[in-house]
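Just so it is clear, none of the values below were taken in a lab; they were calculated from the coordinates. All of these numbers come straight from a predicted model, not from anything done at the bench. Every residue, glycine as well, gets a Cβ built from its backbone with ideal geometry; the counts of neighbours run over all protein chains shown.
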C-alpha cells in the first residue's frame, strides 16, 4: 500500500468473485459477449435489458448529482470525432502510449509495465512471455488511440482519431459554453459518453475494455482556490459511491506518487474499489485530478484562440485551473454489482431455510423497481394483474412475470435486484388488494390497489 493511500478501518467485505459475477450476468442476460454467435469479439461486451437499465441508472444518478442538483454545473454532448489537432494540443499524440513487448515465439503482445509490476521488478530482465514462456522483444511505445479516416479517401490528410476521453471537448468548448450560459467561475461542464482506447491487454470482464463509457466533469476555478476545490470534489465523489450503497470498507482513496502523475497534473487521487480477484485487487473506479491551467493554455497555443476567462468584477483575464472528477460508467456498474451480491439463507413457502442469491442494489440503481406477479397464469387473474402492471409501469420500470411457481419468481427477482414484488392472488378479485414483498426484509404487506402507487412512492427514492 502506498504511503499516500488512506488507511481503511475495516477489512473489505466483498462476497463475490469475478467468475461469480460473470456467471450471474450471463445467466440473467445482464452482460454477455458481443457477437457471441461468431465466437465473440475480444474485450467487447453487450448489455442486455437488465444491464442496460442498470448502467443507465448509474449514469442517470451521476447526472442528477453532478448537474441537475447543482447550480454551477452544466452539461455537454460533444462529437466523438474531433479535429485532429485537438489531440496534438492535448498531448495525446505524443504521450498517450503504453510500452509494448512481443513474444518472438507466439507473437502475443503484452504491456511491459504490467509484466514488471506482476513480477515485482523495475526492469524486464528475466521476464518471459506469460503465455508460452518465450523470449520477449524490447519494448516499443504503442499509441492507444484508434485511428480512422473522415471522408472517402483513406490517406493521412483525412486521418482522425476516436476520442480516448470525453474531457477535451469541454476544454475546446469552454468559452462558448461560458459565454452563452453567462457562467461565472467557479463552474463545471459535465459530459457522459463513449470513449475508445486500443488497450494492449484488455480483460477482467468489463473492467478494462477498448470501448467504454465515461462520466467526466471539468470544474473551472480561480487559481489559488484549486487545492480547496480539489479536496471538495474528492470528498463529494467518495460520498456518491457510499450513498448509493457501496460499503465504505470496500473503498479507499489513493494518492498518486510524484513519479506517476500525468504530465498535466498538480495532484491526482483515485477512488479505488476492492475487487477480490488476484488480477485486480484494489483498482481505480475514478480519478480526481487537479489539471491546473494546462489544457486551456495548450489549446490556446495550438488553435491561436484566446481561451482566457474574463472576470468582470476584477476586470482581468486569466486561465482557470481545472479540477476533473473522471469516472467510468462501466467500472462503476461492475463495482455496484460486486458490492450488492449476497448469498443468504431464507425461508421458503413452508418455512424451510433455503439459499437465495440477492442483489441488494440501491433501488435507484435496480433495473426493475417493481415486479407484478399474478399468483396463477389463469385467465381470471390476468386482467386485474395487467391493471396493476399498467398502474406501476407509468411511474417505474416494471416487469410482468407469470411463469413458474411464485417462489421461483421471487427468487429470480431477488437475483436481479428488484426491490418490490406485487402479487395478485385470487383474494384480489374480491378485496381489490395485493401483497407487496420487500426484497431485503422479505416482509409482506397487504395493500389496496388504489393505495399501491402511494405505498411504493413512499419507499422508492427519486431517481
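Here are a few things to note about the model shown:
- For the chain, adding -39500 (n - 2.57) for each run of n ≥ 4 DSSP H residues and dividing by the number of residues yields -8500 deg cm²/dmol at 222 nm.
- Residues 384, 353, 373 in ascending order of nearby Cβ atoms (within 10 Å, fewest first): 353, 384, 373.
- Extent along principal axes [Cα atoms of the stretch 1-158; Å; largest to smallest]: 53, 53, 46
- When Rg and Dmax are taken over the Cα atoms of the stretch 332-463, they come to 14.5, 46 Å.
- When each of 37, 323, 31, 253 is scored by the number of other beta-carbon atoms lying within 10 Å, the sequence from fewest to most is 37, 253, 31, 323.
- For the stretch 230-252 versus the stretch 409-425, the gap between their alpha-carbon centres in whole angstrom: 30 Å
- Overall shape of the stretch 30-71 was characterised from the C-alpha gyration tensor. The equivalent ellipsoid obtained from it has semi-axes of 31, 10, 5 Å, in decreasing order.
- In plain terms, if you count all Cα to Cα distances in the stretch 224-326 and split them into 10 Å steps from zero, the share in each step is 14, 35, 29, 15, 6, 1 percent.
- Here the scattering of the stretch 111-231 is modelled by Debye summation over its C-alpha atoms, one equal scatterer each and no solvent; at q = 0.10, 0.12, 0.15 Å⁻¹ the log10 of I(q)/I(0) is -0.56, -0.75, -0.96.
- With Cα atoms as the point set, the radius of gyration and Dmax of the stretch 97-141 evaluate to 9.4, 25 Å.
- The per residue volume of the convex hull around the alpha-carbon atoms of the stretch 93-170 is 145 Å³.
- The stretch 57-76 versus the stretch 107-145: alpha-carbon centroid distance in Å: 41 Å
- Helix 294-303 and the long axis of the chain differ in direction by around 60°, with both axes built from C-alpha atoms.
- Axis of helix 49-63 versus longest Cα principal axis of the chain: the two differ by about 60°, to the nearest ten degrees.
- Structural descriptor for the chain: relative contact order 15 percent, calculated from alpha carbon pairs under 8 angstrom and at least 6 residues apart.
- Stokes-Einstein translational diffusion, the chain - Kirkwood Rh over all Cα pairs, 1.002 mPa s, 20 °C, in µm²/s: 86 µm²/s
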